[in-house]
1. Given the peptides 336-342, 316-322, 448-454, arrange them by the average over their residues of other C-beta atoms within 10 Å, most packed first.
2. Using r as the Cβ-Cβ distance of residue 335 and residue 388, and R0 as 25 Å, what FRET efficiency do you calculate, to the nearest 0.05?
3. So for each of 231-244, 254-267 I average, over its residues, the number of other beta carbons within 10 Å; can you give me the resulting order with the highest mean first?
4. Quick one: go through the stretch 48-73 and flag any residue whose amide nitrogen is under 17 Å from the point 7 Å out along the Cα-to-Cβ line of residue 110.
5. Binning at 10 Å from 0, report for the stretch 181-238 what percent of all alpha-carbon pair distances ends up in each bin.
6. Could you tell me what percent of the DSSP beta bridges with both partners in the chain are antiparallel, to the nearest 5?
7. Please give the peptides 174-187, 274-287 ranked by average Cβ packing (other Cβ atoms within 10 Å per residue), highest first, as a rough proxy for protection.
8. Relative contact order for the stretch 6-130 using alpha-carbon pairs under 8 Å, separation at least 6, rounded to a whole percent?
Amino acid sequence: MADPKGFLRTGREEWPRRPVEERVRDWDEVYVPGALLPLIRRQADRCMDCGVPFCHQACPLGNLIPEWNDLVARDDWRAASERLHATNNFPEFTGRLCPAPCETGCVLAIDQPAVTIKNVEAAIADRAWADGRVPPRPPERLSGRRVAVVGSGPAGLAAAQQLTRAGHTVAVFEREDRIGGLLRYGIPAFKMDKAQLERRLGQMREEGTKFRTGVAVGGRDLPAEELRSRYDAVVLATGATRWRELPVPGRHLTGIHQAMEYLPWANRVREGDLEVSPLSAAGRDVVVIGGGDTGADCLGTALREGAASVTQLDIHALPGPDRPAEEPWPTYPRVYRLSAAHEEGEELHTAPVSDADARLFAASTLGFVPDAGGRVCGVRVADVDARRRPLAGSGRTLRADLVLLALGFSGPARDDGLVEGLGLALDERGTFARDRAFATNVPGVFAAGDAARGQSLVVWAIAEGRAVAAAVDRFLLGSSTLPAPIDPQDRAMGV
């Protein structure tokens with residue numbers, strides 16, 4: 001460690017965000033450009049270089065965090081990038097999108113603010129790109145084996161890059177018109193600029209990965225039987241795209257949409273496909289139902305579109321600022337966190353009623369109120385008790401003419417022909433069943449990411465992509481030198 005007393009001398013300082021009034025007027029990333037590198041060496045110096053680094057166990061990728069913290073503190077950015085890329089294909093993604101379970105497992109976090117691991121990761125990745133230290137790594141020789149990857153989210157991309165580098169000929173199939181999955185059309189640009197995605201895709205193309213967009217695998221574009229016959233192995237990384245519903249009175253009303261019906265349109269506007277989203281929140285009173293990250297993405301997007309008001313409902317009680325006793329270190333605790341979108345909502349006072357905040361906790365949706373034309377004009381809500389049961393006399397109506405459901409996902413699609421065409425078995429959760437080698441019940445077909453694991457984090461998706469690549473490589477060649485960071489049965493830190 002560069003400074004054995006760094007954690008005593010320096011406090012935690014995070015990547016500063018741009019002023020709210022400035023950033024809600026554009027779609028650029030929320031952080032102050034150029035403000036991270038000047039402070040990151042001091043923050044890396046806070047790492048204690050623990051004898052047992054729990055951050056390793058907390059990170060699904062097994063990132064070598066103390067090592068690259070020390071290298072950054074010593075100003076050795078080249079070596080830091082090599083250490084980081086040894087375990088993570090896309091650190092610029094996780095450095096912006098991951099909720100940082102590694103920081104929860106930081107030993108310093110037992111009684112002090114954790115090391116800003118996520119910020120250090122982002123700084124290393126950005127510095128590596130700026131210095132030209134992320135060259136393509138094409139294979140030295142080809143194996144003669146062909147692999148199809150279905151789905152181009154983080155799991156599919158990680159699997160494809162690893163398998164390409166191992167010498168296999170890899171084709172990635174994506175049903176949308178652009179590569180990226182949720183990274184492209186689900187994640188708003190203010191959380192991660194799409195240039196981050198584009199330059200990584202450019203690297204993969206130069207390495208030899210082939211991309212096929214606009215192909216609905218399992219349907220008429222490419223029937224499942226043909227897919228299996230054309231390729232020596234298939235990786236299913238289609239994600240969990242079946243959204244959860246809210247079966248309450250009035251759900252059929254016009255103006256109520258799923259988050260993943262709403263967010264892709266806003267991203268397409270940013271891509272230049274159209275000038276205005278057909279579901280734009282401009283001038284509308286918006287209620288977002290669901291307290292997670294997707295709900296926060298809807299909140300931030302609606303603010304940038306010029307919503308008259310935005311309220312996010314969370315059925316969970318307001319968490320406290322400190323780790324609860326029943327969630328001891330190093331587990332991932334439920335504590336109050338203020339994302340950039342939540343900060344924007346609170347500062348702009350966007351709630352539609354004077355006694356409500358932009359975020360309502362312990363709030364249950366009872367139903368929707370129609371106007372004379374059959375369009376939603378209100379959301380009936382009630383406070384809930386500790387068992388999430390509505391409290392008598394607490395009911396009220398929030399004004400809303402656009403309602404967004406951000407309730408999560410229950411598993412992969414079942415209407416695309418893949419399950420029936422391949423004869424895939426599903427587990428009790430409705431996700432693709434697989435064994436500890438990521439293999440499904442169909443020989444040569446493997447499953448990874450949210451489609452098999454269930455809805456999870458971007459860091460888990462990348463870890464699964466790397467692990468399934470090692471499993472496929474072993475299936476094709478009998479052995480593999482690719483790293484396999486996880487077992488499908490793993491559950492890390494309660495995340």
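No lab work stands behind these numbers, since they all come straight from the coordinates. Not measured: the values here are computed from a predicted model. Cβ atoms come from the backbone with ideal geometry, glycine included; neighbour counts cover every protein chain shown.
1. Result, highest mean first: 448-454, 336-342, 316-322.
2. Efficiency, rounded to the nearest 0.05: 0.85.
3. Numbers: 231-244: 22.9, 254-267: 19.7.
Highest mean packing first, the order is 231-244, 254-267.
4. From the stretch 48-73, the list is 48-58.
5. 17, 39, 33, 10, 0
6. Values: 17 of 49 bridges.
Taking every DSSP beta bridge with both residues in the chain, the antiparallel ones total about 35 percent.
7. Values: 174-187: 21.1, 274-287: 17.4.
By packing density, highest mean first, the sequence is 174-187, 274-287.
8. Details: 181 pairs, mean separation 36.5, N = 125.
Once normalised by length, the contact order is 29 percent.
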